[in-house]
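The values are calculated or read from the model by the stated rules, or taken from the named source; none is laboratory data. Since this is a predicted model, take the numbers as computed values, not measurements. Cβ placement follows ideal geometry from the backbone for every residue including glycine, while neighbour counts extend to all protein chains displayed. Each accessible area value is taken on the protein alone, full model and side chains, heavy atoms only, with ligands, DNA and RNA left out. Shrake-Rupley method; radii C 1.70, N 1.55, O 1.52, S 1.80 Å.
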Amino acid sequence: MKIDIWSDFACPFCYIGKRHLEKALENYEDIELVFHSYELDPTTSVDFYSDANQMLADKYGMSYEEAKQNNGRVIDMAKQAGLHYDFEKIKITNTVNAHRVAQFAKTKGLGNAFVEATLHAYFSEGAYLNDEETLVKLGTSVGLDADDVRHVFQSDEFLTEVRQDQAQAKAIGITGVPFFVIDEKYGVSGAQPIAVFEEVLEKVGATPKKAAPLQMMGDTQAPGCEDGACDI
């Protein structure tokens, strides 16, 4: 079963939703997770903004304390999912370069590992995702070659793949992340509870892509016709 996931490294609910899905999948085998690039705000500066509370207050026209309380609720939600968020360390920045390296990692079979490492580094350790050395460190931590990561960062390679993911999201009608497409049948939007993912997974198991084999009923020796001859 394939699960496509659109997410952004700057999205706190993407990491939470990812963990909820993973917990729902614990009893399943043969699952292919494919992460796709999505930029919540492509206009974000490549420099970093180090006060997540002030950024939220400025963006939504609320007081600093209100913003801090809102972020606190996200931190609590992350904690319930087994994640540690440190909003005092977060460096808010443009994520396109991290997405390009993630696309490169996918070509090496390391895309999912890179996504996990980068989300953790961003939300828990305050990693600056527009720093070359940071992305090299994250890349090598999951098995990528340092020189390859540097080359990607210093070029515009894999930008086309990022844009293709974004175009696909638009075609599907995705307007926010995380967004999960499960078995090409069901869409799940947002950091839904584990139970929601479990329900969808059960539905997928009950409705296979191909028609199920016929279940034979009655006496298999009953009279009939076969190969031009009939039982008489």
Average Cα contact separation per residue, the chain, under 8 Å, 6 or more apart, as relative contact order %
27
Amide hydrogen neighbours beyond the local backbone of E157, cut-off 5 Å, H modeled
none
Per the 1.4 Å probe, what fraction of the accessible area of the range 2-204, in percent, lies on carbon and sulfur atoms?
48
For the range 47-108, listing GluC sites (Glu not before Pro) in a DSSP loop whose Cβ sees at most 16 other Cβ atoms within 10 Å gives E88
Dipole of the chain, Cα-centred, from +1 at each Lys and Arg C-beta and -1 at each Asp and Glu C-beta, to the nearest 20 debye?
480
All aspartates and glutamates inside 15 Å of K18 as judged from Cα atoms, apart from same-chain residues fewer than 8 positions distant:
D4, D8, E26, E32, E116, E198
Probe 1.4 Å, all protein chains in place: accessible area of S141 in Å², nearest 10?
80
So which of K68/K89; K108/K137; K23/K68 end up more than 18 Å apart, counting from Cα to Cα?
K23/K68
Report ³J(HN,Hα) in whole Hz for each residue of the range 134-139, in order, from the Karplus equation J = 6.51 cos²θ - 1.76 cosθ + 1.60 where θ = phi - 60°; Gly and Pro get x.
5, 5, 5, 4, 5, x
Antiparallel bridge percentage (DSSP; both residues within the chain; nearest 5):
65
Length gained, E202-H151, 0.36 nm per residue minus C-alpha separation, equals 14.0 nm
Report, to two decimal places, the Cα Rg of the range 1-104 normalised by 2.2 N^0.38 Å (N = number of residues).
1.21
Within a Cβ distance under 15 Å of Y64, other residues only, what is the Lys/Arg minus Asp/Glu net charge?
-3
For the chain, what is the accessible area per residue in Å² when the probe is 1.4 Å?
56
Hey, of (i) 47, 36, 30; (ii) 88, 42, 30; (iii) 54, 43, 31, which did the structure itself give for Cα extents along the principal axes in Å when calculated?
(ii)
Taking Cα pairs closer than 8 Å and at least 6 residues apart, the relative contact order of the range 15-143 in percent is 27
